[in-house]
Amino acid sequence: MSTSYLARRAAQKERVRILYRRALKDTLNWAVHRHLFYQDACDMREKFEANRHVEDLDTIDRLIADAEATHNKFRHPDPYIVPWAPGGSKFTRNPTPPSGIEIIYDYGHEDNVGNQASFSAPH
């Protein structure tokens, strides 16, 4: 086997791995309950395993391209995003304060003891 064959085959394996992971994660967006997800994940794994025996590099490239096109066509329009991840509902909810802003943690206990005004009740 030549080096170019091995390099191309490794690249194909990587593309299939990435496609499978993306499709599996996207299946979670469509399946509301875990028991539905498990069945969908098994069905998808069977589709990937059905082409595991293919050895022709051009056929493998075509199968990968077809699978990527199918995945892109049926992607979820509103995928679930973890709340604290970029794009999530909690992302940068409490951002760090800008530079130059000082936070006083001992509010009400400042060093202005000498400047206190005396208050007395009216007589």
Degrees, to the nearest 10: 3-30 long Cα axis against longest axis of the chain: 60 degrees
Test item: Cα-centred dipole of the stretch 4-65, Lys/Arg +1 and Asp/Glu -1 on Cβ, debye: 300 debye
Potential extension, A50-S89 segment - 0.36 nm per residue separation minus Cα distance: 10.1 nm
Entry for semi-axes √(5λ) of the Cα gyration tensor in Å (calculated from the structure that is shown) out of [x] 29, 20, 17; [y] 24, 17, 14; [z] 61, 21, 11: [z]
Contour minus Cα-Cα distance for Y105 and Y38 (0.36 nm per residue): 19.1 nm
Estimated distance in nm for a label pair at N72 and T96, the labels positioned 7 Å out from Cα along Cα-to-Cβ: 3.8 nm
Around R52: net Lys/Arg minus Asp/Glu count, Cβ-Cβ under 12 Å: 0
Accessible surface of the chain [probe 1.4 Å, protein heavy atoms]: carbon and sulfur percent: 57 percent
For the chain, size of Cβ-based charge dipole, Lys and Arg +1, Asp and Glu -1, in debye: 580 debye
Under Karplus coefficients 6.51, -1.76 and 1.60, residue-wise ³J(HN,Hα) of the stretch 98-105 in Hz, glycine/proline x: x, 5, x, 8, 9, 9, 9, 8
Potential extension, V82-D61 segment - 0.36 nm per residue separation minus Cα distance: 4.3 nm
Shape call, the stretch 24-66: gyration tensor on alpha carbons, a/c limit 1.5: prolate
For the chain, built as a Gaussian network whose Cα springs stay under 10 Å, the top-fluctuating residue of A23, A85, A65: A85
Accessible area of the chain divided out per residue, in Å², using a probe of 1.4 angstrom: 87 Å²
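The values are calculated or read from the model by the stated rules, or taken from the named source; none is laboratory data. On a predicted model such as this, the values are computed, not experimentally measured, just so you know. FYI the Cβ positions are ideal-geometry reconstructions off the backbone, even for glycines, and counts take in every protein chain you see. Heads up: the accessible areas ignore ligands, DNA and RNA and are worked out on the full protein's heavy atoms, side chains in. Shrake-Rupley method; radii C 1.70, N 1.55, O 1.52, S 1.80 Å.
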